[in-house]
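As structure tokens, the structure follows; a few thoughts come after it.
Since every read-out is calculated from the coordinates, none of them should be taken as a lab result. Nothing here was measured: the structure is a model prediction, and the numbers come from that model. Here Cβ is always computed from backbone atoms with ideal geometry, including for glycine, and neighbour counts include all displayed protein chains.
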């Protein structure tokens with residue numbers, strides 16, 4: 001059994017577990033968006049952070065990093081348990097294909113599981129939805145939680161995309177907008193107080209995964 005983990009957010013620069021191989025690649029028909037709330041790592045329930053999730057978008061591609069874990073069922077189980085704890089805000093899992101070459105229609109890996117969030121504020125209490133760029137930047141510039149501040153998450157993602165040589169215009173534009181807000185007075189920063197719905201998550205059942213290859217994403 002070969003166990004692969006695909007990351008499109010913090011897993012790109014901080015996988016958090018032992019891995020044996022790393023591939024840079026992408027998935028198709030999804031784009032990265034900052035529409036997911038984080039209320040226990042880089043934000044709080046009263047001032048949620050904005051972190052990455054994926055949105056379906058025909059023709060789009062999302063670059064990231066895939067990590068291979070070898071070592072048998074026990075090592076796989078430990079990696080999965082870690083991912084489930086870490087990706088607790090994601091309530092949906094979808095099978096996709098993973099590519100490493102831009103000029104081919106053949107995927108490198110199949111049966112890829114992508115952790116995403118249901119885009120529904122009623123069904124998913126962590127889903128914030130889209131917002132104007134300036135509003136998102138203000139929220140990211142001011143949110144902070146036990147694991148650090150929200151802007152650090154965004155800036156590390158920006159650097160990670162640069163390091164894998166696949167900078168993303170959306171990430172760069174948002175990061176530049178956040179930098180404009182870093183010197184604002186405290187009373188101005190305090191104006192943004194997003195409210196997160198308390199409706200419990202409706203967890204979807206996990207789809208069947210290929211017995212040859214499985215890739216988990218966040």
Quote to one decimal, in nm, the extra length available between residue 17 and residue 105 on full extension: 0.36 nm per residue of separation minus the C-alpha distance between them. 28.6 nm
If the chain between residue 24 and residue 170 were fully extended at 0.36 nm per residue, the gain over the current Cα-Cα distance would be 50.6 nm
Please compute the modelled spin-label separation between residue 131 and residue 182, points set 7 Å along Cα→Cβ, answer in nm with one decimal. 2.0 nm
Global form of the stretch 98-170, assessed from the alpha-carbon gyration tensor, a/c cut-off 1.5: oblate
With just the Cα atoms defining each centre, how far is the stretch 69-109 from the stretch 1-54? Give it in Å. 11 Å
Taking every alpha carbon pair in the stretch 1-131 and sorting the distances into 5 angstrom bins from 0 up to the bin holding the longest one, the percent per bin comes out as 2, 10, 19, 23, 20, 14, 9, 3, 0, 0
